[in-house]
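**Q** Mind having a look at this structure? Questions to follow.
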Amino acid sequence: MLFVTSNPGKAREAEEILGEDVERVDYDYAEIQSDSLAEIATEGVRDAYEELGEACFVDDSGMFVEGVGGFPGPYSSYVYSTLGIDGVLNALDGIDDRSARFDCVVAYHDGDEVRTFEGTVAGRVTREQRGDGGFGYDPIFEVAEDEEARTFAEMPPDEKNEVSHRRRAFEAFADWYQQG
């Protein structure tokens with residue numbers, strides 16, 4: 001199975017969840033601008049399938065903060081690369097509703113149709129960075145269902161992977177794929 005991603009860690013996680021070998025393909029598919037992760041992933045997997053000519057899947061994810069209308073949402077990667085975590089925290093200064101969620105969409109294309117699978121984890125954005133693990137927004141995203149109120153960056157990688165939005169999307173995909 002082909003997973004179009006430049007991230008080897010995502011490929012290992014997908015392989016573990018799917019229970020079969022996953023071949024990582026580092027192809028820079030076109031990423032449309034949209035407010036919908038599903039639309040972005042769908043167009044990305046269509047582009048990847050056209051280039052590769054084989055069944056494949058992609059994923060797209062984002063952090064959505066309620067108090068600012070879902071910002072940064074599907075633009076999370078761009079916002080992170082331009083503002084960084086400190087810039088995001090500054091943008092949220094004075095915002096009381098810091099509830100947030102991470103969403104992930106996996107899109108699969110087999111040549112006939114595109115199917116999408118979603119995963120979400122709820123939490124909130126902290127007022128300061130905590131922890132030194134993970135990547136991206138992990139130091140400021142506190143997981144709602146964690147009794148210790150830890151950020152993703154404060155969790156050991158295996159614990160983070162058990163509750164992550166990506167895992168939930170991969171599990172939904174695996175459930176469907178293994179039935180076919």
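**Q** Just name the residue that is farthest from N7 (Cα to Cα) out of those in segment 54-78 that are β-branched (V, I, T) and in a strand (DSSP E or B).
**A** Filtering segment 54-78 for residues β-branched (V, I, T) gives 58, 65, 68.
Then drop every residue that is not in a strand (DSSP E or B), which leaves 58, 65.
Values: V58: 11, V65: 25 Å.
Result: V65.
**Q** Give just the number: which of (1) of a type in the set (G, A, S); (2) exposed (fewer than 15 other Cβ atoms within 10 Å of the Cβ); (3) not in a helix (DSSP H, G or I) does S81 not satisfy?
**A** With respect to (1) of a type in the set (G, A, S); (2) exposed (fewer than 15 other Cβ atoms within 10 Å of the Cβ); (3) not in a helix (DSSP H, G or I), S81 is out only on (3).
Conditions tested, residue by residue: (1) modelled with pLDDT of 95 or more; (2) assigned to a strand (DSSP E or B).
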{"residue": "C104", "(1), (2)": "yes, yes"}
{"residue": "A107", "(1), (2)": "yes, yes"}
{"residue": "A122", "(1), (2)": "yes, yes"}
{"residue": "R130", "(1), (2)": "yes, no"}
{"residue": "G134", "(1), (2)": "no, no"}
{"residue": "E145", "(1), (2)": "no, no"}
{"residue": "K160", "(1), (2)": "no, no"}
{"residue": "R168", "(1), (2)": "yes, no"}
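**Q** Separate question: Out of the residues in segment 25-52 meeting the condition of being charged (D, E, K, R) and either surrounded by 18 or more Cβ atoms within 10 Å (Cβ to Cβ) or in a helix (DSSP H, G or I) (or both), tell me which one is nearest to the chain's Cα centre (by Cα). Break it down into steps so the answer makes sense when it comes.
**A** Here is the first cut: in segment 25-52, the residues charged (D, E, K, R) are 26, 28, 31, 35, 39, 43, 46-47, 50-51.
With either surrounded by 18 or more Cβ atoms within 10 Å (Cβ to Cβ) or in a helix (DSSP H, G or I) (or both) added as a condition, the list becomes 39, 43, 46-47, 50-51.
On the way: E39: 14, E43: 16, R46: 19, D47: 19, E50: 23, E51: 23 Å.
The extreme case among them is E39.
**Q** If you don't mind, there's one more thing I want to ask. Exactly one of (1) among the small types (G, A, S); (2) over 14 Å from the mean Cα position of the chain (by Cα); (3) crowded, with 16+ Cβ neighbours inside 10 Å is unmet by G19. Its number?
**A** Of everything listed in (1) among the small types (G, A, S); (2) over 14 Å from the mean Cα position of the chain (by Cα); (3) crowded, with 16+ Cβ neighbours inside 10 Å, G19 misses just condition (3).
**Q** Here is a list: F102, F57. Which entry is within 17 Å of the chain's Cα centre (by Cα), among the hydrophobic types (A, V, I, L, M, F, W, C) and over 16 Å from R24 (Cα atoms)? Even if it seems obvious, please write down each step before you answer.
**A** Working: F57 fails: over 16 Å from R24 (Cα atoms).
Criteria check complete, one pass: F102.
**Q** Just need a number here: residues in segment 127-153 that are buried (at least 17 other Cβ atoms within 10 Å of the Cβ), free of Cβ contacts under 8 Å to residues at least 40 places away in the same chain and under 18 Å from the mean Cα position of the chain (by Cα).
**A** 7
**Q** Here is a follow-up. I'd like the residue in segment 1-15 that is touching a residue at least 24 places away in the same chain (Cβ under 8 Å) and in a helix (DSSP H, G or I) and, out of all such residues, is surrounded by the fewest Cβ atoms within 10 Å (Cβ to Cβ). So that I can check it myself, show each step before the final result.
**A** Going through segment 1-15, the residues touching a residue at least 24 places away in the same chain (Cβ under 8 Å) turn out to be 1-5, 10, 13-14.
Going one step further and asking which of them are in a helix (DSSP H, G or I), we end up with 10, 13-14.
Numbers: K10: 17, E13: 20, A14: 25.
So the residue we want is K10.
The values are calculated or read from the model by the stated rules, or taken from the named source; none is laboratory data. What you see is a predicted model; the values in this text were computed from it and never measured. When we count neighbours, we look across all protein chains shown, and the Cβ atoms used for this are built from the backbone with ideal geometry, even at glycine.
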